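Chemist: Below you'll find the structure I mean.
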Amino acid sequence: MIYADNAATTKMSEAAIEMMVKAARESWGNPSSLYAHGQKAKEALEKAREDVASVIGASPREIYFTSGGSEADNQAILSAAAAGRKKGKMHIVSTAFEHHAVLHTLEKLGREGFEITLLDVHEDGLVVPSEAEAAIREDTCLVTVMYANNEIGTIQPIREIGEICRKKGVLFHVDAVQAVGHIPVRVEEDCIDMLSASAHKFHGPKGVGFLYARKGVRLTNLVEGGAQERGKRAGTENLPGILSMAVALKESAARMDEAAAHLVPVRDRLIQGLSEIPHSALNGDPVRRLPGNVNFCFEGIEGEALLLLLDDRGISASSGSACTSGSLDPSHVLLAIGRVHDVAHGSLRLSIGEEITEEEAAYIVRSVKEVVAYLRGFSPVWRDLTAGKRAFIL
Ligand SMILES: *Cc1c(COP(=O)(O)O)cnc(C)c1O
């Protein structure tokens, strides 16, 4: 069995699992309680906050624990929008290939009177900083751009965009869920005002993440109640989840270079091997992408069928984000980089993890080649393409 869907979720590390059990056993007090049990839990909580903060170069007071990446995205965007509305600034700049946690929040704001400009992400899956600069207006209250895309893995020029936002005095939020723990992320150097991250994307548990908000950035609450998280996120803290996340993040950050050194050559061999399939194309820039991400389109096939047959061969992969697979709409990310519907339907995302071996990568290439050829063998679209009744796009 080969797990090649780490962009959807990752397996928890042993240390993270152990910490979860240990926290449940030892740090079960309520951090808000003043007696010793509570204070012990509180200490552990604050230690986790320091650990998380240090990985991204933040101060512990700038970290707010959340239920995951989606909540952090929602809170960041809605906070900036609330501040913007007060000043009559109701314009937001983002991109067409954000995660739905961002896009659907922006759509909601659009219905509430905000104007949203979605930047083009071009064929290489990258935003152009000068285009972000040109899109910023007097009434822009927020620019939100993801660090690395969850489907095609492209890494955005975050620092350049951050510098532009800082210069123009506009808040900059970054959905860094796919980046944190995988590539270096430093909030100061990157001029990031708010950042979202999620534990289950870096070998931590599900249902826990964090929002970084630079000192001075005003947050509004999604959850009202007690004074937890400096009054910005009510609810008794998910201590086992938070402590386990901190362990997973420290571990991922410490192993990052080593992991990339292993993953990049394997990734490139996968790209090389799959490129040999006729009428195929890599999605996104070949170099400016996450160490573990490979995303291809194959003309004349359905991605869903490809996935099922790969599953039969013991390979777990995806055709897009976990949220859209199961629906028959092509991926909004692939459409955003200019793939037409027919081609976008025949997509495959392999997001490999550190445990992958050369032999497994070779097996994946062999399997995809065979399955694509097999599916094309009875595809009416492929028959029309090869008969010249329809023009090849790839
Ligand atoms: C997974 C993911 C999210 C959502 O995170 P959850 O913790 O699952 O809510 C948001 N943005 C990106 C880019 C993601 O990959």
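The values are calculated or read from the model by the stated rules, or taken from the named source; none is laboratory data. Predicted model only: the values in this text are computed from it and were never measured. As a convention, Cβ positions derive from the backbone with ideal geometry for all residues, glycine included, and neighbour counts pool all protein chains shown. Each accessible area value is taken on the protein alone, full model and side chains, heavy atoms only, with ligands, DNA and RNA left out. Shrake-Rupley method; radii C 1.70, N 1.55, O 1.52, S 1.80 Å.
Chemist: What's the carbon and sulfur percent of segment 256-386's accessible surface, probe 1.4 angstrom, rounded to a whole number?
Modeler: With neighbouring chains kept in place, the figure for segment 256-386 is 56 percent.
Chemist: Taking one equal scatterer on every alpha-carbon of segment 223-289, how large is log10 of I(q)/I(0) by Debye at q = 0.14, 0.15, 0.18, 0.23 1/Å?
Modeler: The Debye formula, applied to the Cα set alone, gives -0.69, -0.71, -0.79, -0.99.
Chemist: Let's test the formula: R0 of 41 Å, r as the Cβ-Cβ distance of residue 313 and residue 22. What FRET efficiency results, to the nearest 0.05?
Modeler: Values: r = 38 Å, r/R0 = 0.93.
Computed FRET efficiency for residue 313 and residue 22: 0.60.
Chemist: Right, another one. Which length gain, in nm to one decimal place, applies between residue 120 and residue 236 when the Cα-Cα distance is subtracted from 0.36 nm times their residue separation? Could the numbers behind the result be given before it?
Modeler: On the way: separation 116, 0.36 × 116 = 41.76 nm, distance 4.09 nm.
In short, 37.7 nm is gained.
Chemist: For segment 78-171, state which GluC sites (Glu not before Pro) are in a DSSP loop and have at most 10 other beta carbons lying within 10 Å of their beta carbon.
Modeler: Sites meeting the loop and neighbour criteria: 112, 138.
Chemist: Mean residue ellipticity at 222 nm from the helices of the chain, using -39,500 (n - 2.57) per DSSP H segment of n ≥ 4 over the full residue count, to the nearest 500 deg cm²/dmol? The partial results should precede the final answer.
Modeler: Working: 12 runs with 166 residues, N = 394.
Only helices count here, giving -13500 deg cm²/dmol.
Chemist: Ignoring ligands, DNA and RNA, what percent of the 1.4 Å accessible area of segment 19-164 is carbon and sulfur?
Modeler: C and S fraction of accessible area: 52 percent.
Chemist: Something else: Could you compute Rg(Cα) / (2.2 N^0.38 Å) for the chain, with N its residue count?
Modeler: Here the answer is 1.02, to two decimals.
Chemist: Right, another one. How much area per residue is accessible in segment 18-81 when the probe is 1.4 Å and only protein heavy atoms are counted (Å²)?
Modeler: On the way: 2950 Å² over 64 residues.
On a per-residue basis, segment 18-81 sits at 46 Å².
Chemist: Test of the criteria: in segment 52-116, which trypsin sites (Lys or Arg not before Pro) are in a DSSP loop and have at most 13 other Cβ atoms within 10 angstrom of their Cβ?
Modeler: 87
Chemist: Follow-up. What does the highest-first list of 42-50, 220-228, 340-348 look like by mean Cβ count within 10 Å?
Modeler: Working: 42-50: 18.0, 220-228: 13.1, 340-348: 21.2.
Output ranking for 42-50, 220-228, 340-348: 340-348, 42-50, 220-228.
Chemist: What FRET efficiency would be calculated for the residue pair residue 287, residue 370, taking the C-beta separation as r and a Förster radius of 22 Å, to the nearest 0.05?
Modeler: After rounding, the FRET efficiency stands at 0.20.
Chemist: Viscosity 0.890 mPa s, temperature 25 °C: what is the translational diffusion coefficient of segment 256-386 from Stokes-Einstein with a Kirkwood Rh over Cα pairs, rounded to a whole number of µm²/s?
Modeler: 164
Chemist: Taking only protein heavy atoms into account and a 1.4 Å probe, give the accessible area per residue of segment 138-244 in Å².
Modeler: That works out to 33 Å² per residue.
Chemist: Test of understanding: what is the full-extension gain from residue 47 to residue 363, defined as 0.36 nm times their sequence separation minus their Cα-Cα distance?
Modeler: Extending this stretch completely gives an extra 109.4 nm.
Chemist: How large is ³J(HN,Hα) for each residue in segment 278-295, as worked out from phi by the Karplus curve 6.51 cos²θ - 1.76 cosθ + 1.60 (θ = phi - 60°), to whole Hz, x for Gly and Pro?
Modeler: x, 6, 10, 8, 6, 9, x, 4, x, 10, 7, 9, 4, x, x, 9, 10, 9
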